[in-house]
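Data block below; observations after.
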Amino acid sequence: MAREIVDSTGKKAPDQGEIRALLEAQAEEKYRIFASRLLPGTSGILGVRLPLLRKMARSLVRQDWRAYLAGARDASFEEIMLQGMVIGYARCDLSERLSHAARFIPKIRNWSICDSFCAGLKAASDAKAEVWAFLQPYMVSREEFEQRFALVMMLDYYLVEDWYPRVLACIDAMPLNGCYAMMAAAWAVSACFVRHPRETLAAIRRIHLDDRTRRMALQKILASTQVDAKTKAVVRALKA
């Protein structure tokens, strides 16, 4: 990274202007057009590829990443994505990580930032109970991307033996709002089916999915190469 500045504690703090300049230098117009098509309605896309953003995030966490987050700008898709990556990579305890996460979540306004951020919160793997408690407000939220955040976190970390029944129960109770929340719910149900087909099939028959989410979940199950033909025939009957 270019020249770094030093804050009052003597630690190096990233210069926000230089971060923006570096992002602009690595932006590709063709990739910006491609990303914009995948993220309709998302403004401020520069066109920086994710591997380059991850490399920048790893560099930032070796500096005063707390100072970086405190002053980070939200002027572009990439600047917001970078903050989420830093929260995931940073070396800190769970409580501090979740505190940063809580401040970041309101900035999520598209599926790409949401899903990347969830994938980076790998601390959830070893702290399922604590993170589950953290997810509770987002499970009952009516905000589309807060719902998607909770759903993708469940999808990424909770489709395991002791937790997946709670995931299905949460999906049943969630007041799904918006296509990206519905898509995440359908994705989670279908992934749960692949891992736990008999129990998930019974859940699909009883839980209160809206018609659109139900259709998407069944279609994803039918498209899976991990579901055998006999089971797919049973799933097709549910579509009738």
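Since every read-out is calculated from the coordinates, none of them should be taken as a lab result. Bear in mind that the values here come from a model prediction, so they are computed numbers and not experimental data. Every residue, glycine among them, receives a Cβ derived from its backbone with ideal geometry; neighbour counts consider all protein chains shown.
Observations
- Take the Cα of Ala223, step 7 Å toward its Cβ, do the same at Cys179, and the gap between the two points is 1.4 nm.
- Subtracting the Cα-Cα distance of Thr42 and Ile207 from their residue separation scaled by 0.36 nm leaves 56.1 nm.
- Among the listed pairs Lys128/Lys220; Lys55/Lys122; Lys30/Lys220; Lys122/Lys220; Lys107/Lys239; Lys128/Lys239, those beyond 28 Å (Cα-Cα): Lys30/Lys220; Lys107/Lys239; Lys128/Lys239
- The 3J(HN,Hα) values that the Karplus relation (6.51, -1.76, 1.60; θ = phi - 60°) gives for the range 162-167 are, in residue order, 7, 10, 4, x, 5, 4 Hz. Gly and Pro appear as x.
- Cβ-based charge dipole, the chain, positive-most Cα from Gly178, Met56, Leu201: Leu201
- Check: the range 1-91 dipole with +1 on Lys, Arg Cβ and -1 on Asp, Glu Cβ, in debye: 360 debye
- Applying 0.36 nm per residue to the separation of Val234 and Asp74 and subtracting their alpha-carbon distance, the gain on full extension is 52.9 nm.
- Convex hull volume per residue in cubic angstrom - Cα atoms of the range 124-240: 90 Å³
- Peptides 148-160, 125-137 ordered by average Cβ neighbours within 10 Å, highest first: 148-160, 125-137
- The modelled label-to-label distance for the pair Phe34/Asp126, using points 7 Å beyond Cα in the direction of Cβ, is 3.5 nm.
- With each label modelled as a point 7 angstrom along the Cα→C-beta vector, the Trp163-Arg20 pair spans 3.8 nm.
- Rounded to the nearest 20 debye, the dipole size of the chain about its Cα centre is 760 debye, using +1 on the Cβ of Lys and Arg and -1 on the Cβ of Asp and Glu.
- Partner aspartates and glutamates whose Cα lies under 17 Å from the Cα of Lys232, excluding those fewer than 8 positions away in the same chain, are identified as Glu199.
- Unit Cα scatterers, Debye sum, the chain: log10 I(q)/I(0) for q = 0.08 Å⁻¹: -0.35
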